[in-house]
Amino acid sequence: MKIIKGILVFFALLIALSYSFGYDYLFNGIRHTYLRGESGATIHDGKYFPSHTIAKGNTSLWEKDTLYNKKPLSKALVEDLKNTETTSFLIIKDGKLLHEEYWDGYSANSKTNSFSMAKAVTVLLLGKALEEKKISSLHQRYSDFFENYKNVEFGKDLTVADLAKMEAGLNWTEDYSNPFLQNAKAYYGKSLEEAVLLRGFKKQPGTEFEYQSGATQLLGFALRKSLNQPLAQYASEKLWRPLGMEENADWSTDEFGMEKTFCCIHSTSRDFAKLGQLFLNDGKTGNHQIISSQFLNEMKTPTKLSKHAYGMGLWINNDTTINHYYFWGLYGQYIIIVPEKNMVIVRTGTYKDQPKDAKGRPEQAAFLVNQVATHY
């Protein structure tokens, strides 16, 4: 009996300490991972979190190419896709669906977690907010949205552009494997404001590239305040409805209704592909200019501080035979745009511990482009 009582006291003390030091989110993380037989976040765990709907409007289906699914993928590509636990693989060529394949019970109607591909969607919404004068410019200071940043070291100099370009200099370590660091708290915690908005800085903004999910979440807070409406609603009005998406999407939120702008838009691969096609169409769908082509060009222009590997929300690879840029999610979720081939490639799945090149980009993205572009 004494042993049992001692164990209960120990756990009670552990729980009390966790809440005292701000680690209570760990219990939520354990409940949604280890207790479900998982070792971390998954592509299908959106159902465990609150969310806002990104509502579709009138559906516009992809036109299928005359060669739709008639030409098999190369042996090397099939092997790579299977070895990396791929759930979907789509190729759009000249605006038409050329190849579409699903694995592990997934289908055209299956929603999957975008993870960090949501960062590029957030930047697209920034483009619309700039266009509609909700935000004055990329150089607008963050302290215009949250006045207390005027009194934070380095915070007074932070701009919207610094956040979009990953040059914020936040006191943030991008690490998804350590449950005690910021990514886990933002993903599993109750309050994004507590996890992100109150963090300090370690460097002068605009002086160094460092990929930080906290930067995009701060951008999300600025957007939310300037728009005075949920970001999912704005995404519906400016992207999902005009693009004719086939399904509603779900954008995970914290318990106070703030969208996780650093991740977690749950949508279908066909609809993800339409976001890529928007870039090839210079921001248009039909004759409707959805977003400024000039802003899209800014998004895909590589920055010097990133060694030309990142723009605004997009990863860029102009160091290879076939230039491309892309949305990139944690487990190898990609929307890859290949301008010279007039092609969009979408891949979803669970590829952990991806090999990266010297600039921190996933080697798989360039492999997929080379395989597809030389085969089709």
Original post:
Got a number for residues in region 173-215 being open to solvent by less than 70 Å² (accessible area, probe 1.4 Å), of a type outside the set (A, V, I, L, M) and outside any loop (DSSP other than H, G, I, E, B)?
Top reply: 8
Original post:
Residue check: is G313 closer than 21 Å to L130 by Cβ and either of a type in the set (A, V, I, L, M) or surrounded by 16 or more Cβ atoms within 10 Å (Cβ to Cβ) (or both)?
Top reply: yes
Original post:
Within the set of pairs 6 or more residues apart or between chains, which connect a residue that is under 15 Å from T261 (Cβ atoms) inside region 204-218 to a residue that is at pLDDT below 95 and among the β-branched types (V, I, T) with Cβ atoms less than 6 Å apart?
Top reply: G214/V196; Q217/V196
Original post:
Of K274, K225, which residue is part of a helix (DSSP H, G or I), among the charged types (D, E, K, R) and more than 19 Å from the chain's Cα centre (by Cα)?
Top reply: K225
Original post:
Can you tell me which residues in region 135-163 are under 24 Å from the mean Cα position of the chain (by Cα), under 17 Å from L227 (Cα atoms), in a helix (DSSP H, G or I) and of a type outside the set (V, I, T)?
Top reply: Y142
Original post:
Going through region 74-90 one residue at a time, which ones are open to solvent by 20 Å² or more (accessible area, probe 1.4 Å) and assigned to a loop (DSSP other than H, G, I, E, B)?
Top reply: S74, E85
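Have a look at F256, F221 and point out the one that is more than 22 Å from A168 (Cα to Cα) and out of contact with any strand residue (DSSP E or B) (no Cβ under 7 Å at 6 or more places or on another chain). So that I can check it myself, show each step before the final result.
Details: F221 fails: more than 22 Å from A168 (Cα to Cα).
Result of the check over F256, F221: F256.
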Original post:
Looking at E38, E100, E85, E63, which is the one that is under 28 Å from S213 (Cβ atoms) and at pLDDT 95 or above?
Top reply: E85
**OP:** Mind counting the residues in region 329-353 that are surrounded by 24 or more Cβ atoms within 10 Å (Cβ to Cβ), in contact with a strand residue (DSSP E or B) (Cβ under 6 Å, 6 or more places away or on another chain) and within 22 Å of D175 (Cβ to Cβ)?
**Re:** 2
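Test of understanding: among R270, R241, which residue is out of contact with any Lys or Arg (no Cβ under 7 Å at 6 or more places or on another chain) and closer than 19 Å to W62 by Cβ?
Details: R241 fails: out of contact with any Lys or Arg (no Cβ under 7 Å at 6 or more places or on another chain).
Result: R270 is the single residue among R270, R241 that is out of contact with any Lys or Arg (no Cβ under 7 Å at 6 or more places or on another chain) and closer than 19 Å to W62 by Cβ.
Among I290, I265, which is open to solvent by less than 10 Å² (accessible area, probe 1.4 Å) and free of Cβ contacts under 8 Å to residues at least 60 places away in the same chain?
On the way: I265 fails: free of Cβ contacts under 8 Å to residues at least 60 places away in the same chain.
One residue alone meets the criteria, I290.
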**OP:** Quick one: L219 ticks every box in (1) open to solvent by 20 Å² or more (accessible area, probe 1.4 Å); (2) touching a Ser or Thr at 6+ places or on another chain (Cβ under 8 Å) except a single one, so which number is it?
**Re:** (1)
Original post:
Out of (1) touching a strand residue (DSSP E or B) at 6+ places or on another chain (Cβ under 9 Å); (2) of a type in the set (F, W, Y); (3) modelled with pLDDT under 90, the odd one out for F27 is which?
Top reply: (1)
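The values are calculated or read from the model by the stated rules, or taken from the named source; none is laboratory data. A quick note: this is a predicted structure, and the numbers were derived from the prediction, not measured. Neighbour counts are summed over all protein chains in view; Cβ atoms, including those assigned to glycine, are modelled from backbone coordinates with ideal geometry. The protein model used for the area step is the full one, side chains on, heavy atoms only, and it has no ligands, DNA or RNA in it. Shrake-Rupley method; radii C 1.70, N 1.55, O 1.52, S 1.80 Å.
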